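Reviewing the structure listed below.
The values are calculated or read from the model by the stated rules, or taken from the named source; none is laboratory data. Small disclaimer: the values here were computed from a predicted structure and weren't measured. Note: ideal-geometry Cβ built from the backbone for every residue, glycine included; neighbour counts use all protein chains shown.
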Amino acid sequence: MKILVVGSGGREHAISWRLAKSGQVDEVICVPGNGGTINEAKCRNINPEDCDYAQGLAGNDAVAQVASFEQVDFAVIGPEDPLCAGIADQLWSVGIPTVGAKSAGAALEGSKDLAKAFMKKYGVAAAASESFTNQALAEEYIKKHGAPIVIKADGLAAGKGVVVAPTVEVALKAVKDFMQDGKLGEAGAKLVIEDYLQGVEISVLAAVSVTKELTQKGKSCIIPFVPARDHKRLNDGAKGPNTGGMGAVAPLSDVSDETMAQFNKDILEPTLKGLEAEGFDYRGFIFFGVMLCKDGPKLLEYNVRLGDPETQAVLPLMDFDFADLCKAIIDEKQTGALKDFSSNMKWKKGFVCAPVAVSGGYPNAYAKGKEITLKKGGENTKVFIAGGQQKNGKLVTSGGRVLAVSAFGSTFDEAFKTAYSAMADVSFDGMFYRKDIGLPGAAESGEL
Ligand code: AMP
Ligand code: GLY
């Protein structure tokens, strides 16, 4: 089998690596891939700009051209932007089965207003909220409501669209930044203003196979993976500015089976009902960003893709063939393949700790082009490259989040020690990483 993976981050390196491990997979085409996938067995990077046959094409058109030219068996889409821009619709329309929601379902990440309306309509447990397109009305609402309060830009904002405001002043400034000063462009023209939730955050990644036909047969489903946790703040103890993710762990020993059962009942099941009732063709992944509050789990957001860096912690725990999972999600014959496959989804007994190394200065300005040196890790460690490119035979930094070191251990302590001892073997100029990924006190709590 030949599979296309779209994206260029650490998540896509992990997806490509995991697919390449399958005995059924002959080649993984990474579009455009990165300095990690280029060195991965069975993987080949293709940048459409370098292809004669894709000249003059951009974005999803260029990807579709590569997919057709390479005659791939199916595609797996990593990031949200191409999904929201309809890449799954486009690839299916040229006969390429695709793991990734079509655009109607992908709007659950593309518009926070739409996502909140969906949560309300289908009774998904979440914070109360109001949406605004009028600045004066938004300001009036905040003054009446008081702080703390959470301001969210409606559109895609690459992680910069949420302000958890401890005071009314901070909330009003966020409204001005987004609505009046257009700091996020169109993404900030509409706002969701949401009640502040206190608790501890978790990420639940899941496989989804929902179509009208499957729903008619009673076979649409969402199958959750083991719960994971991202650590978004820059510094130890969940302090400092927000980032794209400083490390992840899975599974979570502080999350009980009862909590997960409540998550299933209050969040996952109503979500499935909603996807079915809306008649979406949603065959891909979904990510539930969840706050564990005193009165139960509440949904913070949907993402229509796998999490980054959670994927780098969750995929190494899979004790099943990832290519089989993708085929079951696609379920070309619409027989209920994902539901059937779910009993095969066994997880390794143990933990993965995956700290992320970032470029000095990140999440603000940082240097690029610094040479990365790595040692070959042991059997239980794997380095996933995110912001790294191969240049003149050398691996050099090309982004803020440079790589994750994922380590497996039969206990969390073992995974933690293995990860940090492997991290000590990585170096590049300006390298920085948190030293507490997965420790008590390291978790995000939406703290002000
Ligand atoms: P989101 O993109 O909606 O997940 O928001 C980004 C981050 O903001 C989350 O990971 C939380 O840490 C925080 N956050 C979002 N919504 C809330 C809320 N209602 N209460 C407290 N913190 C929140
Ligand atoms: N780790 C959070 C995300 O992928 O959105």
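Summary of computed values
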{"quantity": "Test for Asp50: is it out of contact with any helix residue (DSSP H, G or I) (no Cβ under 7 Å at 6 or more places or on another chain), farther than 27 Å from Glu109 by Cβ and in contact (Cβ under 8 Å) with a residue 24 or more places away in the chain", "calculated": "no"}
{"quantity": "Test: residue in segment 381-399 that is among the basic types (Lys, Arg), surrounded by 14 or more Cβ atoms within 10 Å (Cβ to Cβ) and part of a strand (DSSP E or B)", "calculated": "yes"}
{"quantity": "Matching residues, segment 224-249, being without any contact (Cβ under 8 Å) to a residue 40 or more places away in the chain and more than 17 Å from Val290 (Cα to Cα)", "calculated": "Lys239, Gly240"}
{"quantity": "Qualifying residue in segment 302-319 (condition: within 16 Å of ligand 1 (Cβ to nearest atom), in contact (Cβ under 8 Å) with a residue 24 or more places away in the chain, within 28 Å of Phe408 (Cα to Cα) and among the aliphatic types (A, V, I, L, M))", "calculated": "yes"}
{"quantity": "Test: residue in segment 132-150 that is among the aliphatic types (A, V, I, L, M) and without any contact (Cβ under 8 Å) to a residue 12 or more places away in the chain", "calculated": "yes"}
{"quantity": "Tally, over segment 230-254, of residues that are buried (at least 17 other Cβ atoms within 10 Å of the Cβ) and in contact with a helix residue (DSSP H, G or I) (Cβ under 9 Å, 6 or more places away or on another chain)", "calculated": "7"}
{"quantity": "Count of segment 185-220 residues which are in a strand (DSSP E or B) and surrounded by 21 or more Cβ atoms within 10 Å (Cβ to Cβ)", "calculated": "12"}
{"quantity": "Tally, over segment 351-374, of residues that are under 19 Å from Glu310 (Cα atoms) and outside any strand (DSSP E or B)", "calculated": "1"}
{"quantity": "Selection within segment 144-199 - farther than 28 Å from Arg401 by Cβ, more than 9 Å from ligand 1 (Cβ to nearest atom) and in contact with a Phe, Trp or Tyr (Cβ under 9 Å, 6 or more places away or on another chain)", "calculated": "Ala147, Val175, Met179, Ala189, Lys190, Ile193"}
{"quantity": "Selection count, segment 155-176, where residues are at pLDDT 95 or above and in contact with a Gly (Cβ under 8 Å, 6 or more places away or on another chain)", "calculated": "1"}
{"quantity": "Some residue of segment 245-265 being over 23 Å from Gly350 (Cα atoms) and within 16 Å of ligand 1 (Cβ to nearest atom)", "calculated": "no"}
{"quantity": "Criterion: of a type in the set (A, V, I, L, M), assigned to a helix (DSSP H, G or I) and buried (at least 23 other Cβ atoms within 10 Å of the Cβ) - qualifying residue of Leu272, Leu299, Leu306, Leu315", "calculated": "Leu315"}
{"quantity": "Pick from segment 276-291, criterion within 16 Å of ligand 2 (Cβ to nearest atom) and of a type outside the set (Phe, Trp, Tyr), ranking: farthest from the chain's Cα centre (by Cα)", "calculated": "Met291"}
{"quantity": "Residues located in segment 221-250, provided they are within 16 Å of ligand 2 (Cβ to nearest atom) and assigned to a loop (DSSP other than H, G, I, E, B)", "calculated": "Phe225, Val226, Pro227, His231, Lys232, Ala238, Thr243, Gly244, Gly245, Met246"}
{"quantity": "Residues being part of a helix (DSSP H, G or I) and more than 20 Å from the chain's Cα centre (by Cα) - total across segment 329-350", "calculated": "8"}
{"quantity": "Candidates Phe288, Phe320, Phe280, filtered to the one that is surrounded by fewer than 20 Cβ atoms within 10 Å (Cβ to Cβ), outside any helix (DSSP H, G or I) and either of a type in the set (Lys, Arg) or at pLDDT 95 or above (or both)", "calculated": "Phe320"}
{"quantity": "Residue that is surrounded by the most Cβ atoms within 10 Å (Cβ to Cβ) [pool: residues in segment 53-103 that are of a type in the set (Phe, Trp, Tyr) and in a helix (DSSP H, G or I)]", "calculated": "Trp92"}
